[in-house]
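A short write-up of the structure that comes next.
The values are calculated or read from the model by the stated rules, or taken from the named source; none is laboratory data. Since this is a predicted model, take the numbers as computed values, not measurements. Counting neighbours? That spans all protein chains shown, and the Cβs are built from the backbone with ideal geometry, glycine included.
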DNA sequence: ATCATAACATGATATTTAACATAAAGCGGT
DNA sequence: ACCGCTTTATGTTAAATATCATGTTATGAT
């Protein structure tokens, strides 16, 4: 269930995240005392659907997926969180229990900031609250827009979209190791696994991408963008 | 572009909305001075995609749709807001311009609370900020979960889902007047208009619903629920 | 190294959904 | 009432996607 690890001072994260801008030194050190950082190996479960929400999760390093069972043999991936992202920021205010599970899809360092402590800081610091609101809105808009963008695309468009997303927003490189299986890709963009494989093969045959196991190289990003926009 | 109308004191709305619980009398009257209420007839445009966000929108009465052009001859409905709902609560913190248009789909009274004024109150009142956060999360979760629920359903399941949504969450009755055309239904749940009509006809033939123009009566809600859950 | 298992891959077929065509019914304006 | 326009309606066909079947390749455990 993850192993506790020595966590850096919040000060260090504060530089990297836009989150803590409005916190004064003493407030930051208060947050610092009510957080714990854990390490999760690839595939390890961070929390399970239905678990009580006791903390806000901050991705310090790695990559995690938020996912949900929708039937006996089918899951859905809601989103993927990357370093400096917060998870549960939205749910923590409106729900007492997670409506999704979280699993590491790369070795990850996850910081848990106690909910009570966090909320106390918000209530006593309006500017901090505003920062949180802004951050929350951004995350929310991103997830929602991603979902809307996908829902009007066909299979080829969806694959193109998600590959560009990995390249541009997560790995910042046209060559990267896909952190998810083909089945998980399917769960992320609402397709069948066979079709994910099929479409990726087509892209390979068309010279748009190179595939070497989980290593993907986008050789023709413009074409991929065009396919994403059209479909 | 809507007609200005005499707006009730915020105090009155405060009772109906969970929103303003934490505002003291004097804060409430500050909000009261920076809001204006407008009336929009059915079909009237409230704001257009790209407009600057100057205010938070509160639905006092009626029903409005948030929608977005996705191509020359296609739109998408993002969500429908009902009385006591806030709109733009999320975008106001992360965006300067609307990424959707808003149109009244019933005669509606819409309250505009000036953004600056609202944000000032948040920054100076942490507890109020917490209330806003909670409210925002709820709205957000609802939209997101609705979208996710739909995406894994087939056509029949989607129609069943949206009909139950109207009955249970908006009109609180199994008989209601559909506020949207079949085309708009399609835009709301990602279908083609022809299929919306077709599936609804099927439901009628199966004795699950009665259709009289826009008047819908759900005669077998259990079956409809089953179809929604399965599909 | 060998086995068992899961992931990847591809072809054939069935099902679902979209697109096209056409017509009837409702509705606002004159 | 009549006209033009939009919405509702239904049948037909085409396209997209899911399902099923089967084989191959990777991967982890012993």
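So the values come out like this:
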{"read-out": "Sole exception among (1) within 13 Å of DNA strand D (Cβ to nearest atom); (2) buried (at least 18 other Cβ atoms within 10 Å of the Cβ) for residue A:163, by number", "value": "(1)"}
{"read-out": "First in region B:187-209 and part of a helix (DSSP H, G or I), second anywhere and near DNA strand D (Cβ under 10 Å from one of its atoms), Cβ under 6 Å, 6 or more apart", "value": "B:193/B:182; B:193/B:183; B:193/B:186; B:196/B:182; B:196/B:185; B:196/B:186; B:197/B:182; B:204/B:211"}
{"read-out": "Given (1) more than 14 Å from chain A (Cβ to nearest Cβ); (2) more than 10 Å from DNA strand D (Cβ to nearest atom), index of the condition residue B:205 fails", "value": "(2)"}
{"read-out": "Qualifying residue in region B:112-128 (condition: more than 9 Å from chain A (Cβ to nearest Cβ), under 22 Å from residue B:5 (Cα atoms), in a strand (DSSP E or B) and touching a helix residue (DSSP H, G or I) at 6+ places or on another chain (Cβ under 8 Å))", "value": "yes"}
{"read-out": "Options A:42, A:65; residue that is within 23 Å of residue A:147 (Cα to Cα), within 19 Å of the chain's Cα centre (by Cα) and in contact (Cβ under 8 Å) with a residue 40 or more places away in the chain", "value": "A:65"}
{"read-out": "Count of region A:133-166 residues which are touching a helix residue (DSSP H, G or I) at 6+ places or on another chain (Cβ under 6 Å) and within 23 Å of residue B:93 (Cα to Cα)", "value": "7"}
{"read-out": "Residues (more than 9 Å from DNA strand C (Cβ to nearest atom) and either without any contact (Cβ under 8 Å) to a residue 60 or more places away in the chain or within 14 Å of chain A (Cβ to nearest Cβ) (or both)) located in region B:213-225", "value": "B:215, B:216, B:217, B:218, B:219, B:220, B:221, B:222, B:223"}
{"read-out": "Options A:188, A:133; residue that is touching a strand residue (DSSP E or B) at 6+ places or on another chain (Cβ under 6 Å), within 30 Å of residue A:7 (Cβ to Cβ) and crowded, with 17+ Cβ neighbours inside 10 Å", "value": "A:188"}
{"read-out": "From B:187, B:194, residue being within 16 Å of DNA strand C (Cβ to nearest atom) and within 11 Å of chain A (Cβ to nearest Cβ)", "value": "B:187"}
{"read-out": "Residue selected from region A:78-89 under the condition facing chain B (nearest Cβ under 10 Å) and assigned to a strand (DSSP E or B), by the criterion surrounded by the most Cβ atoms within 10 Å (Cβ to Cβ)", "value": "A:78"}
{"read-out": "Test: residue in region A:141-154 that is surrounded by 16 or more Cβ atoms within 10 Å (Cβ to Cβ), within 16 Å of DNA strand D (Cβ to nearest atom), away from chain B (no Cβ under 14 Å) and touching a residue at least 12 places away in the same chain (Cβ under 8 Å)", "value": "no"}
{"read-out": "Failed criterion for residue B:170 (all others in (1) within 15 Å of DNA strand C (Cβ to nearest atom); (2) part of a helix (DSSP H, G or I); (3) away from chain A (no Cβ under 14 Å) hold)", "value": "(1)"}
{"read-out": "Search result, residues across region B:210-227 that are within 8 Å of DNA strand D (Cβ to nearest atom) and either part of a strand (DSSP E or B) or touching a helix residue (DSSP H, G or I) at 6+ places or on another chain (Cβ under 7 Å) (or both)", "value": "B:211"}
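Per-residue answers, yes or no, for (1) buried (at least 19 other Cβ atoms within 10 Å of the Cβ); (2) modelled with pLDDT of 85 or more; (3) assigned by TED's automatic domain parsing to the domain that holds residue A:114; (4) over 29 Å from residue A:100 (Cα atoms):
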{"site": "A:14", "(1), (2), (3), (4)": "no, no, yes, no"}
{"site": "A:24", "(1), (2), (3), (4)": "no, no, yes, yes"}
{"site": "A:27", "(1), (2), (3), (4)": "no, no, yes, yes"}
{"site": "A:38", "(1), (2), (3), (4)": "yes, yes, yes, no"}
{"site": "A:41", "(1), (2), (3), (4)": "no, yes, yes, no"}
{"site": "A:48", "(1), (2), (3), (4)": "no, yes, yes, no"}
{"site": "A:54", "(1), (2), (3), (4)": "no, yes, yes, no"}
